[in-house]
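Take a look at the structure below.
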Amino acid sequence: MPGFSIDPLSFFIGFLTASVFWWVLARARPLLDEVRASLKEQREAAQVRRTSSTEENHRRITLRRAQGMHLAAPLFALDEIIQEPLLMAPPPIVEPGAVPAFEDIVSQTLPYLPAWPELAATYHAPILTLPQVLEGGINIVIIGQPGVGKTVALAHLASLAANRSDKLGKHQDSVPFLVHVADLKLPIANERDALNPIIDTASENAPVFDLHRIPGFVQSAFKNGSALLLVDGYDELAPEGQQVISEYFKFLLQAYPQTSIVTTGAPEYLDGLINLGFAPLALMTWSSYESAQFIQRWGELWSQYVAMEAWAQTGPEQVDPILLNVWLNADNDNATPLELTLKAWGAYAGDSLGPHVLEAIATHIRRIAPANTPLAALETLAMQVVISQQPVFDPRKAHEWVKSFETAEDLLEETGNEEQAEETKPKEKKKAKKSEKVVSAPSTGLLGRMASSGLLASSSNNRMRFVHPVFKGYLAGRGLSNFNAADSLLNQPDWSGKYLAMRYLAAHGDVNKLVQNLLEWSRLPMHRPLLSAARWLRDAPKDAPWRSKLFSTLAAILQTEGLPLSLRGQTLTAFIISNDASAAPLFRQLMNSLSFELVQLAALGSGAIKDVKAIPMLQRVMDAPSLSARRAACMALVAIGTNEALELVAHTLLNADEELRRAAAESLANDRGEGHAMLKDGATLKDILLRRAVVYGLGRVNEPWADEILQTIQVEDDQWVVRNAASQVLDSKAHLNPRIPHKLKPPSQSPWLIEYAGKQGVGISPGSSAIDILLLALKDEDPETRLASLTYLKRTPTEGVINQLYGAMYRDDPELREAVYNVLWEIGASGVKLPHPSQYGFS
């Protein structure tokens, strides 16, 4: 180009400069990468520090809340007074070809009764701890009657998780989210907002500087699978409310499938949870030993802390704790942990209205009710809550229910509160979104005083509830006894509040018509109305005319041959916990029956009520041809626990055949005194059969000394048959408990089912329910194949499946009969209406 020229020197200098620049840049690139990585690590570390700080605050807040989630929280922290919650272990899942689970004689003799765990507690049936059930990787619903300790079980689990307890194993670092259903703002508008109710509840008590971090913290915990969601109160809801919660669980598990959920439920009403794969596990009631341990601990803590308080020093003169404990231990038959807590509190505080559990409940209601509040006001509120089926209620509606009981001071406070609210409303509207309405739970008036005193609990979304469903049921039952409102309860769908109110109505009023209606509605296979009414017998007046009708129906089912022992065992337990004098002679009479199943049940009943007069009959039963009846007699004699009874078992251990010796040894494991001493001595005797039986007895003793003896026998005993038995017992303790529920593989991935389908010349496609193949397996000649099919069939309770299940239950196969009944119980609890067996030709 004319006029354009390149200066060689300038060109050379520029080229050299550029070359040096790119050379330096190339050499510095690793350093720059390191700088960028370092900055990224610093940002991530800062995020971890912020999250860690938020998580630690959350754990601390959760622990504080959990330690206050029990009735005696004003006196003691939960960890100071708690008896470890234990769950009844369900039967192990059967898989063809797998090694059969090791079973003791208790699990072979007792029917599985998750709705009536009192019999299992008496005979120390196999149990699971809460950390153990988490190992199965399945969501859990803890079931039990009101007052048995379901809330405490959740609080205990939350405390373990908050403290990162090593008891939790692989769940040690799980992040607990402890909520009550009343605190969840449901239903959600969008599935993508599934975590919003959790975020809102976690934000309630969080420090102000953590509020903007809570959403990210909650999302992180649920995304990485470390969230442990503990939801209390599901058992308190009516069916409509349960459906809302179960639908929420469904959305949550679809979005975050690794989430672990533990909630609470009533044994009869689990609408929606079974279909979501929740495993129902019954919370064990306390045995006499655990009750005594609790009473002793209560006395120690009371003397150490409460008795030193000024109000206690000025109250009634303190009675010697030893005397109080003797009285409490002598009169706590079949009391729930709640009832025992209230009885101990009343005895030590000196304010008890009487010795009966009803008087203990009345005492505590008086203790926590607002001063100078008429009892009729409390009863009216509880009655309206039950009749309206709103256990979590709107305080504005509740105000209309009780406004006639409000005092002039209450009305004056409410008027002032309303005026103040009107003044602040413009400011609140500016802060809130247009679509939101700012409301709050009442802090004044009668309802406000009930909340302040501790009778009612308030939630952040303007809802209230009774602090415990037992108090609501007790007050509602008393209120209903003054009104002819029983028909309104009968027409309600089944829910725990309905039957709890009926139970306390039966204790205070005439329920003859109610019982008659329930007996007419009760039918096979579950007899739920009958068994619900059977819970009323313990507290009802002994001269109530309806008691004889109820006992007659229970006795008829107990004696009906061919019915599952799991059903007949429930009627047996109803007699036991009724504390009725007629139970003992009935059981003694039934032990003369020609039916060995009935003799087995009657023997267990005599042991549970500690009937000393039944000892001679139990001695005769130990010579019966039925092994199950003989085992039951051994267990019953140890439960009675007198010197005569224990000597009979000791004689059996020394002289009987091999099977009965083992039954005697395993039964003696239930007696912490003489029974354990006999097992220790027996391990040193020369009789080979005796030592082998003792090994199985020691296997049922969950104490370090028993394991030490077993380990010594495993190595040093001179007979291989004894060493082999010790190895078997120790191996069963070392391996994962086969009774822990776990997630099932889809049918298309189940090895045994694929093999079985192959033998039938068919395949199983992914996503298929494989009902046809499973129904074939249910009819197979192999017992294990029949039992294994049930685990899958309960997921698809169609009419055709239920028909085949009934057919299997009525086959001449006792083991299959019991397994099918348990499956039908779960199907019925999930909300499916089970037809009478006669509809399919069975009777």
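The values are calculated or read from the model by the stated rules, or taken from the named source; none is laboratory data. Given the structure is predicted, the values throughout are model-derived calculations rather than measurements. When we count neighbours, we look across all protein chains shown, and the Cβ atoms used for this are built from the backbone with ideal geometry, even at glycine. When the accessible area is computed, the model is the full protein with side chains, heavy atoms only, and any ligands, DNA or RNA have been set aside. Shrake-Rupley method; radii C 1.70, N 1.55, O 1.52, S 1.80 Å.
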Self-check item: Selection from I802, V722, P747, by position along the positive dipole direction of the stretch 677-811 (Cβ)
Solution: I802
Practice problem: Send over the per residue convex hull volume for the stretch 523-649, Cα only, as a whole number of Å³. | Solution: 95 Å³
Quiz item: Counting each DSSP H run of 4 or more residues in the chain as -39500 (n - 2.57), what helix-only mean residue ellipticity at 222 nm follows after dividing by all residues, to the nearest 500 deg cm²/dmol?
Solution: -18000 deg cm²/dmol
Quiz prompt | Cα-centred dipole magnitude for the stretch 662-812, charges only on beta-carbon of K, R (+1) and D, E (-1), debye, nearest 20 | solution = 440 debye
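For the stretch 166-315, which whole-number percentage of the solvent-accessible area (1.4 Å probe, protein heavy atoms only) is attributable to carbon and sulfur atoms? All intermediate terms of the calculation are to be shown ahead of the outcome.
Details: 3000 of 6310 Å².
Carbon with sulfur: 47 percent of the solvent-accessible area.
Peptides 695-701, 71-77, 600-606: what's the order by average Cβ count within 10 Å, highest mean first? Let's see the in-between values first.
On the way: 695-701: 24.7, 71-77: 17.1, 600-606: 29.3.
Peptide ranking by packing, descending: 600-606, 695-701, 71-77.
What's the magnitude of the charge dipole for the stretch 557-645 around its Cα centre, counting Lys and Arg as +1 and Asp and Glu as -1 at the beta-carbon? Answer in Debye, nearest 20.
Details: 7 positive and 6 negative charges, 19 e Å.
Using only the charged Cβ atoms, the result is roughly 100 debye.
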Practice problem: For the chain, calculate the relative contact order in percent as a whole number, restricting contacts to Cα pairs under 8 Å that are 6 or more residues apart. | Solution: 13 percent
Exercise. Find which of I274, I245, L157 sits farthest along the positive direction of the dipole of the stretch 145-277, computed with +1 on the beta-carbon of Lys and Arg, -1 on that of Asp and Glu, about the Cα centre.
Key: L157
Self-check item: Accessible surface, per residue, of the chain when the full set of protein chains is kept, probe 1.4 Å, Å²
Solution: 46 Å²
Quiz prompt | Efficiency of FRET from Cβ geometry, S732 and E659, R₀ 25 Å, rounded to 0.05 | solution = 0.85
Practice problem: With Cα extents along the principal axes in Å in mind, check (i) 130, 80, 60; (ii) 170, 56, 45; (iii) 86, 66, 59 and report the label derived from this structure. | Solution: (i)
Quiz item: Roughly how many whole Å is it from the C-alpha centroid of the stretch 227-305 to that of the stretch 695-752?
Solution: 29 Å
Quiz item: For the stretch 159-216, what relative contact order do you get, as a whole percent, if you take Cα pairs closer than 8 Å and at least 6 residues apart?
Solution: 21 percent
Quiz item: Shape call for the stretch 273-390 from the C-alpha gyration tensor, a ≥ b ≥ c root eigenvalues: rounded (a/c under 1.5), prolate (a/b greater than b/c) or oblate?
Solution: oblate
Quiz item: By how many degrees, 0 to 90 and rounded to 10, does the Cα axis of helix 658-668 deviate from the longest principal axis of the chain?
Solution: 70 degrees
Quiz item: How fast does the stretch 668-815 diffuse by Stokes-Einstein, in µm²/s, taking the Kirkwood radius from C-alpha pairs at 37 °C and 0.692 mPa s?
Solution: 174 µm²/s
Quiz item: What is the dipole size for the chain, taken about its Cα centre, with +1 at each Lys and Arg Cβ and -1 at each Asp and Glu Cβ, in debye to the nearest 20?
Solution: 1780 debye
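Ordering K223, K343, K733 from largest to smallest accessible area (1.4 angstrom probe), what's the sequence?
So the residues, ranked largest to smallest area, are K223, K733, K343.
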Quiz item: With no solvent and one point per C-alpha, what does the Debye sum give as log10 I(q)/I(0) for the stretch 692-772 at q = 0.17 Å⁻¹?
Solution: -0.68
Quiz item: Which aspartates and glutamates have a Cα lying under 12 Å from the Cα of K794, excluding residues fewer than 8 positions away in the same chain?
Solution: E826
Quiz prompt | Paramagnetic label zone (point 7 Å from Cα along Cα-to-C-beta, A73; backbone N under 20 Å) in the stretch 228-258 | solution = 229-237
Quiz prompt | Highest to lowest packing among 155-167, 185-197, 792-804, scored as the average C-beta count within 10 Å | solution = 155-167, 792-804, 185-197
Quiz item: Using a probe of 1.4 angstrom, how much of the accessible area of the stretch 625-720 is carbon and sulfur, in percent?
Solution: 48 percent
Quiz item: Which of the listed residues, A120, M591, P215, is farthest toward the dipole's positive end in the chain, when Lys, Arg count +1 and Asp, Glu count -1 at the beta-carbon?
Solution: P215
Quiz prompt | Accessible area of the stretch 488-616 belonging to carbon and sulfur atoms, whole % at 1.4 Å probe | solution = 56 percent
Practice problem: Place the peptides 128-141, 734-747, 662-675 in order of packing, highest mean first, counting for every residue the other Cβ atoms within 10 Å and averaging per peptide. | Solution: 662-675, 128-141, 734-747
Quiz item: What angle do you read, to the nearest 10 degrees and between 0 and 90, between the alpha-carbon axis of helix 8-67 and the longest principal axis of the chain?
Solution: 30 degrees
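Using 0.36 nm times the number of residues separating V208 and T17, minus their current alpha carbon distance, what extension gain do you get?
63.1 nm
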Exercise. With everything on Cα atoms, drop me the angle between helix 546-558 and the longest principal axis of the chain, reported from 0 to 90° to the nearest 10.
Key: 90 degrees
